[in-house]
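Okay, structure first, notes after.
No lab work stands behind these numbers, since they all come straight from the coordinates. Worth saying up front: this structure is predicted, and the values here are computed from it rather than measured. Cβ coordinates were reconstructed from backbone atoms using ideal geometry, including for glycine residues, and neighbour counts include every protein chain displayed.
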Amino acid sequence: MLEKALVGSKRYWLWLGVLTAIIGVALIQYLRQYSYGLGLTGLSRDVSWGLYIGQFTFLVGVAASAVMLVIPYYLHDFKKFGKIVILGEFLAVSAVIMCILFIFVDMGQPTRIMNVVLNPTPNSVMFWDFIVLSGYLILNIVIGWTTLAADRKGVRPPQWVKPLIYLSVPWAVSIHTVTAFLYAGIPGRHFWLTAVMAARFLASAFSGGPALLIILALLVRRFTKFDPGQEAIQAVGKIVTYAMFANVFLLGLEFFTAFYSNIPGHMHPFKYLYTGLEGHGRLVPLMWTSSIMAVVSLVLLVFPGLRRNEKILAFACISLFISLWIDKGFGLIIGGFIPNMFEGVTEYWPTGPESIITLGVWAVGFLILTVLYKVAASVREETAGMPENH
Amino acid sequence: MSMNRRQFLKIAGVSTVLGIGGGTVITGLRKTGLEASQVSPDPRALKAKRWGFVVDVSKLKSDEDYQKCIDACHGIHNVPDIGNPKDEVKWIWKDTYERTFPTTSEDELMNKELKEKKFFLFCNHCAQPACVRVCPTKATFKRQDGVVMQDMHRCIGCRFCMAACPFGARSFNYRDPRPFIKKENMQFPTRMIGVVEKCTMCYERLAIGQQPACAEASNGAILFGDLDDPNSAVRKVIASKFTIRRKPELGTQPSIYYVIGGADHA
């Protein structure tokens, strides 16, 4: 089926060319970082994780969100998702690859990455994260590819795929739970030491990921002859709305516990993020942007009348996605490091090379996504009108 | 039972592999600790069940007294002086009471002398170290004598340990440290970019019967000994004076005790 990705319109090739150019520039910056060290980034002794790990965390959520299509379609037999579920699975594939790349560019000694496998350490959450992410990548490639290939031939997918599909449901939950455990099990970082961390992660994943999927589905419909289906998109819209309310609710719980208990260590990171602490407030404008965009998206999503208008739905989804990107891809990680272990404030801001490398990894993700979606759309164009048999 | 040549070779081959490989696996499993073995241990080596420190800063009078300990450590361990806080690498340093004990310090009425006193900070070599728990490659591990070690050759530079350590004891080589080493000690390795490092309790000195360098240079302000031995010097001080540890509420059980005030209670 990969041959479908080798033929395309001028616009398709132009888009791939642009992405490749970005990747090229980022690669040069990465080589600089590789030789100079991570000192090229804005990271420091006090804020030792930043943009890269934030993106990693955020994208694990995007990857996990495929399950929001798999559950209705495969467990509840919600036929409307028949065409769109492949978009979710392929989005998961590209998101997991981006996750792995973000971990890779964040490593001080990337050539030693196999040490994680050579010295397996079950007491380290990172070891489990490595396992669940690789497993999830394989599951989604195998499931997506096999079901699409079967659709193309107009036959049922082989029987052995079904157990894998069912396995992918708890597996999706596991990747984001384990990722939350990276943070939620660390003593001494009050901002992260919260039992609702994994729940928050899942809620933000199940709103942010499907929101991105709606945007992508609308783009697919616009640029190809494959229509994921208006009803399917509306149904995903409902999922986004519910999950976003759950997410904002859980964030509210964090605020209550921190401020009603009045424990300084719990309040300080929130103060740093939303009002500034000890005269430092570099993240304040960003965090408020995130809050405002979250409210805007919720207002637009909660009224069915507004949500049914696809232009408004798209706007709400973009707003929601940016809001969550700031909150989880940036604030959540930095907030854990400020104040530092001595209750002092060392601020962080990504440098130019760091931002370009980040952009480059996203470009790799979009390149893979474009190729996979091109294949999916071409197959769907061929088989237009035929029902999906899985 | 009859057996043809082919079957015999199969069985012989499998048993050879099991004999060689299987034996190694079993011996490997039997070892419960992570003690590196030497051909013959140095008889001078200092031994303990759980090494620890007592820091009595009342014995440190001037900035020079502090600097002597810091220089002793950083000098022999090739710790670079990079000169900016962002890329800074440090194994031992001094700071105020409020920053050393941030969870016990929200008190504006506190004794002025205590407020202005400087404390030594270095790796606590916790009994339940969070850094060891999170390391995905066992690059940081705990020895049977309580030393929390750091293998700079196995470290992949993920910095999970830096996020996990509640005491900010760990530094990362954000850039090549070698140009910033004033005078290289050829007896101790230098580090490369991209690995985490910290105080390793002068394991190289313990192995030849010497006290940690900071303790040696401290004029009695830093006591070193076995926390598991009730008769050790450190245990006697802990028994007779008021001591505190950093962030004890986190359950990591630090092995550094700080004497506060200095007056004998017993």
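For chain B, the alpha-carbon radius of gyration amounts to 1.25 times the rule-of-thumb value 2.2 N^0.38 Å expected for a compact globular protein. Taking A:Phe255, A:Phe56, A:Phe81 in turn, the Gaussian network model of chain A (Cα-Cα springs below 10 Å) assigns the largest fluctuation to A:Phe255.
Taking other C-beta atoms within 10 angstrom as a stand-in for reagent exposure, B:Glu116, A:Glu382 fall in the order B:Glu116, A:Glu382, fewest first. Of the residues A:Gly61, A:Leu87, B:Cys202, the one whose Cα sits farthest toward the positive end of the charge dipole of the protein assembly as shown, with +1 on the Cβ of Lys and Arg and -1 on the Cβ of Asp and Glu, is A:Leu87. Measuring against 29 Å, Cα to Cα, the residue pairs B:Lys118/B:Lys138; B:Lys61/B:Lys90; B:Lys68/B:Lys117 contain B:Lys118/B:Lys138 as the ones spanning a longer distance. Relative to the longest principal axis of the Cα atoms of chain A, the long axis of helix A:352-382 lies at roughly 20 degrees. Projecting the Cα atoms of B:Ala164, A:Leu2, A:Leu137 onto the charge dipole of the protein assembly as shown (Cβ charges, centred on the Cα centre) puts A:Leu2 farthest toward the positive pole. In order along the range A:305-312, the Karplus-derived 3J(HN,Hα) couplings, from 6.51 cos²θ - 1.76 cosθ + 1.60 at θ = phi - 60°, round to x, 6, 4, 5, 6, 5, 5, 5 Hz, and Gly and Pro are given as x. Converting phi to 3J(HN,Hα) with the Karplus coefficients 6.51, -1.76 and 1.60 and the offset θ = phi - 60°, the range A:283-296 yields 8, 4, x, 5, 5, 6, 4, 4, 4, 5, 5, 5, 5, 4 Hz in sequence order, with x at every glycine or proline.
Between A:Thr370, A:Phe330, A:Thr275, the Cα set farthest toward the positive side of the dipole of the protein assembly as shown (charges on each charged residue's Cβ, about the Cα centre) is that of A:Thr370. Relative to the longest principal Cα axis of chain B, at what angle does helix B:5-17 sit, 0 to 90 degrees, rounded to 10? Rounded to the nearest ten degrees, it is 10.
Excluding B:Pro179 itself, calculate the net charge of residues whose Cβ lies under 14 Å from the Cβ of B:Pro179, where each Lys or Arg counts +1 and each Asp or Glu counts -1. Could you put the intermediate results ahead of the total?
On the way: positive: B:Arg175, B:Arg178, B:Lys182, B:Lys183, B:Arg191; negative: B:Asp81, B:Asp87, B:Asp176, B:Glu184.
Net of charged neighbours comes to +1.
Neighbours of B:Val148, meaning other residues whose beta-carbon lies under 13 angstrom from its beta-carbon, give a summed charge of +4 when Lys and Arg score +1 and Asp and Glu score -1.
Estimated from helices alone, the mean residue ellipticity of chain A at 222 nm is -23500 deg cm²/dmol (sum of -39500 (n - 2.57) over DSSP H runs with n ≥ 4, per residue).
What you get for the protein assembly as shown, charging only the Cβ of Lys and Arg (+1) and of Asp and Glu (-1), is a dipole of about 1720 debye around the Cα centre. Cα centroid separation, the range B:120-165 to the range A:322-364: 24 Å. Count the net charge of all other residues whose Cβ sits under 15 Å from the Cβ of A:Phe102, scoring Lys and Arg as +1 and Asp and Glu as -1. So the environment of A:Phe102 carries a net charge of -1. By the count of other C-beta atoms within 10 Å, a proxy for reagent exposure, A:Phe315, A:Phe226 are ordered fewest to most as A:Phe315, A:Phe226.
Against chain A, whose longest principal axis is taken from its Cα atoms, helix A:85-106 shows a tilt of about 30°. Test of understanding: in a Gaussian network model of chain B with alpha carbons linked when under 10 Å, which of B:Val14, B:Val39, B:Val195 would top the mean-square fluctuation ranking? Highest fluctuation of the listed residues: B:Val14. Its Cα centre serving as origin, the range A:2-382 has a Cβ charge dipole (Lys and Arg +1, Asp and Glu -1) of approximately 1100 debye.
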